[in-house]
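One structure is given below, encoded as structure tokens.
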Amino acid sequence: MEFTREIYWNVGHGFTTLVPMYLLFVVAAAAFVAGFRKRIQIYRLGQPLDRTDQRGERVKDMLKNVLFQTKVSRVEGAGTAHALFFWSFFALFIGTSLIVLQADFTDLLFDVKFLKGNFYLVFSLVLDLAGLLAIIMLGGLLIRRYLVQPEGLVTKTDDALIHALLLAILITGFLIEGARMAVTELGTPLAGWSPVGLGVATLIQGVGEPGLRSLHVFLWWLHLLLALGFIAVIPYSKLRHIVTTSANAFLADRGPTGKLITVNLEDEGVEKFGANAVEDLRWKDIFDADACTLCKRCQDRCPAFATDKPLSPMLLVNQIGEVAFTDPKADLIETVGRDAIWACTTCRACQDICPANIEHVGKIIEMRRNLVLMEGEFPGEEVMAAMEQTEVNGNPLGMGYASRGEWAEELGINPLSEDAEVDVLYFVGCYASFDKRNIAVAKSFVQLCQRAGVKLGILGKEEKCCGEPMRKMGNEYLYQTLAMEMVEVVKGYGVRKIVTTCPHCFNTLAKDYRDFDFEIEVVPHAVFLEELVLSGRLKLQGDSFACTYHDSCYLGRHNDIYDAPRNLIRAAGGRIKEMDKNRDQAFCCSAGGGRIMAEEKLGERINVKRVRMALETGADQLLSNCPFCLTMFEDGVKGADAEERLRPKDIAEILAERLA
């Protein structure tokens, strides 16, 4: 006995079957194409953006993300269930394609059959198990959505219809198989290789052959209509994410991570900066709305949303889509809301976890740019004052620029204007230059470098703010003014290497300044100090101590630096008690996105919430390596009434205390 089956059993393989079947397929395909053509017209409302460079790498990443579900499966539970459903449904799609290939092409045209023998046995078993797994996973997702109902999960009529359609396709598939097997395979060795179909066949065999044949024909055509209907409704329903989310893996920003698009402020043809309408955004920003699956991962990770601010990254993306497809001329800023726009800390928690490669932060920055550059609007008077202070004194703290290097006078560190022959330029930053608490960090870092024999230099009064807080707050003009001045000054001294104690300065100099022909190597102090320790130039000693560590968003998610700080802590004798939210899932300190300049007036204070997370570890020291974080945590321990229980410190301070 040859192991195989008649593919068009009971329905026939002639004109009366194939012609209507393929005509229906053409109709479904036409509906599919027409739906996406209309949507593409809406995408084109946006500004141009080229995402076709590095095509080989893009294709590779797309296949990796789609076929292996790498981003989807990062979240256990729903993510795992979705991945398993995808793999099982994809296996069924491949199986169906092989059946069509043999029945309507290789067998019909060349008399070649490959679905036979041992291959067919494995084929039958795999498809049966895939179908069963798909039903189980879909059932689990149904229970989660309609019974468990996780907080924040948006459920629409669309979801119910999609679940019903998918279940109907899967169940009718097994009923068709069961009816066929009840007539042709019961009692044969072949039946055991389709265990689910065998179970169905056993249950319905009492119907009798005439009834089974009638049932089979009816269900076969119903199954076909359901499958073709599935194809047809993709562009018109949430199912479109099958195409758009996959495409977004190809269209993903290839870095540098978090780098913003630099505006050409000298273009006299530009009448408006930033975005207050969808046509001001880039086409990818509109496309992102169609790629969104409303999985709420971004919302769950957003520190603003978690502290009762009116910002949901998921809602924001979908508001842009709703405006684009229903009223493209509507005021985008009024739709999203100013408080939501200003609440973002640009921590990238949303983008990092998004399985659809949606870019939330850039959209918010574009709306901020419009508010600042076109309307002169800021989230508060304190932010406007900080901007004005930066314009006058080169820093948002209001300190006189001439005193910027005074903290280093007693340490024997000279500005480059007096001695440009140095190993490394230390770009100090505003807080380490003027804020008493952060000056202690700068002094500790200098002490460590001097002990290791590294000759540092600073810019002193020639240094100004790198412009990062201003840029993230939307003031692109002030940022570019500061950036171009800093690039000219640093390049004028022939500097070969820069080290920073501020991740925001590091990120800006290492990435954003590249748009101004700035190619000097920039290293964060955690990485620089780790190199000194590993090389033996910096020796540490001291007793063991317990601490917890906070991953700065701009060192962690923006630059993927997680191990160097931890290695330094352990080298100094530290035992790290990790907070639940750590590494790429770390909770923000609240100071990013320029919010270091703004008062937090809505909801719970983000820094206090993070301090409470640190307190839960039982450690009495909260270490970080960011002046913004240190500043916010000094304030946060007061807000959490924990000044006696938790001491925020920079890693450089811990190392300086433990020099051998």
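Is it the case that some residue within the stretch 613-628 is within 23 Å of LEU509 (Cβ to Cβ) and of a type in the set (D, E, K, R)?
Checked against the condition, which is being within 23 Å of LEU509 (Cβ to Cβ) and of a type in the set (D, E, K, R), the stretch 613-628 yields no hits at all.
Matching residues to (1) open to solvent by 50 Å² or more (accessible area, probe 1.4 Å); (2) assigned to a loop (DSSP other than H, G, I, E, B):
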site: HIS558; (1), (2): no, yes
site: LEU568; (1), (2): no, no
site: PHE587; (1), (2): no, yes
site: ALA591; (1), (2): no, yes
site: ILE596; (1), (2): no, no
site: GLU604; (1), (2): yes, yes
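With the structure loaded, tell me whether GLY492 is more than 27 Å from ALA349 (Cα to Cα) and of a type in the set (Gly, Ala, Ser) or whether it fails that test.
Yes, satisfied.
Name the residues in the stretch 126-153 that are surrounded by fewer than 16 Cβ atoms within 10 Å (Cβ to Cβ) and either touching a Lys or Arg at 6+ places or on another chain (Cβ under 7 Å) or part of a loop (DSSP other than H, G, I, E, B) (or both), would you?
Correct list: GLN149, PRO150, GLU151, GLY152.
Quick one: in the stretch 497-519, of everything that is free of Cβ contacts under 8 Å to residues at least 60 places away in the same chain and in a loop (DSSP other than H, G, I, E, B), which residue is most open to solvent (accessible area, probe 1.4 Å)?
Filtering first and then ranking leaves GLU519.
As an exercise: evaluate GLN450 against (1) surrounded by fewer than 17 Cβ atoms within 10 Å (Cβ to Cβ); (2) in contact (Cβ under 8 Å) with a residue 40 or more places away in the chain and give the number of the one condition it does not meet.
(2)
Hey, can you tell me all the residues within the stretch 262-275 that are open to solvent by 20 Å² or more (accessible area, probe 1.4 Å), closer than 20 Å to ILE333 by Cα and within 24 Å of the chain's Cα centre (by Cα)?
VAL263
Which of (1) crowded, with 17+ Cβ neighbours inside 10 Å; (2) farther than 30 Å from THR293 by Cα; (3) touching an Asp or Glu at 6+ places or on another chain (Cβ under 8 Å) does LEU121 not meet, given it meets every other one?
With respect to (1) crowded, with 17+ Cβ neighbours inside 10 Å; (2) farther than 30 Å from THR293 by Cα; (3) touching an Asp or Glu at 6+ places or on another chain (Cβ under 8 Å), LEU121 is out only on (3).
Check whether at least one residue in the stretch 610-630 is among the basic types (Lys, Arg), touching a Ser or Thr at 6+ places or on another chain (Cβ under 7 Å) and either outside any loop (DSSP other than H, G, I, E, B) or over 15 Å from ALA526 (Cα atoms) (or both), and report yes or no.
Scanning the stretch 610-630, I find no residue that is among the basic types (Lys, Arg), touching a Ser or Thr at 6+ places or on another chain (Cβ under 7 Å) and either outside any loop (DSSP other than H, G, I, E, B) or over 15 Å from ALA526 (Cα atoms) (or both), so the answer is no.
ARG537: part of a loop (DSSP other than H, G, I, E, B), closer than 25 Å to GLY258 by Cα and not aromatic (Phe, Trp, Tyr), yes or no?
Here the answer is no, as ARG537 does not meet what is asked.
Which ones in the stretch 164-193 are of a type outside the set (A, V, I, L, M) and not in a helix (DSSP H, G or I)?
GLU185, GLY187, THR188
For residues in the stretch 413-445 being touching a helix residue (DSSP H, G or I) at 6+ places or on another chain (Cβ under 8 Å) and among the small types (Gly, Ala, Ser), which is nearest to LEU659 (Cα to Cα)?
Here the residue is SER444.
Could you grab the pairs with beta carbons closer than 7 Å, sequence gap of 6+ or different chains, first residue in the stretch 107-129 and over 18 Å from PHE90 (Cα atoms), second one open to solvent by 100 Å² or more (accessible area, probe 1.4 Å)?
ASP107/LYS113; LYS116/GLU2; GLY117/GLU2
For the stretch 179-226, how many residues are touching a residue at least 40 places away in the same chain (Cβ under 8 Å), open to solvent by 70 Å² or more (accessible area, probe 1.4 Å) and under 19 Å from SER124 (Cβ atoms)?
Looking only at that region, the number is 2.
I'm trying to understand the selection: among the residues of the stretch 7-27, which are closer than 24 Å to ARG180 by Cβ and part of a helix (DSSP H, G or I)?
Within the stretch 7-27, PHE15, THR16, THR17, LEU18, VAL19, PRO20, MET21, TYR22, LEU24, PHE25 qualify.
Check off (1) over 24 Å from the mean Cα position of the chain (by Cα); (2) part of a helix (DSSP H, G or I) for ALA564 and give me the number that stays unchecked.
Every listed condition holds for ALA564 apart from (1).
Find the residue count for the stretch 362-410, including only residues that are touching a strand residue (DSSP E or B) at 6+ places or on another chain (Cβ under 9 Å) and more than 23 Å from GLY592 (Cα to Cα).
So the count comes out to 2.
Output the number of the condition that PHE93 fails; it satisfies all remaining conditions of (1) open to solvent by less than 40 Å² (accessible area, probe 1.4 Å); (2) under 30 Å from the mean Cα position of the chain (by Cα); (3) of a type in the set (Phe, Trp, Tyr).
Unmet for PHE93, out of (1) open to solvent by less than 40 Å² (accessible area, probe 1.4 Å); (2) under 30 Å from the mean Cα position of the chain (by Cα); (3) of a type in the set (Phe, Trp, Tyr): (1).
Does any residue in the stretch 267-279 that is at positive phi and modelled with pLDDT of 95 or more come within less than 7 Å, Cβ to Cβ, of a residue that is open to solvent by 40 Å² or more (accessible area, probe 1.4 Å) and not basic (Lys, Arg) six or more places away or on a different chain, and which pairs are these?
GLY274/LEU373; GLY274/MET374
Where residues in the stretch 35-50 are charged (D, E, K, R) and open to solvent by 100 Å² or more (accessible area, probe 1.4 Å), which of them is farthest from ALA277 (Cα to Cα)?
So the residue we want is ARG37.
The values are calculated or read from the model by the stated rules, or taken from the named source; none is laboratory data. These figures come from a predicted structure and were not determined experimentally. Every residue, glycine as well, gets a Cβ built from its backbone with ideal geometry; the counts of neighbours run over all protein chains shown. What goes into the accessible areas is simple: the full protein's heavy atoms, side chains included, and nothing from ligands, DNA or RNA. Shrake-Rupley method; radii C 1.70, N 1.55, O 1.52, S 1.80 Å.
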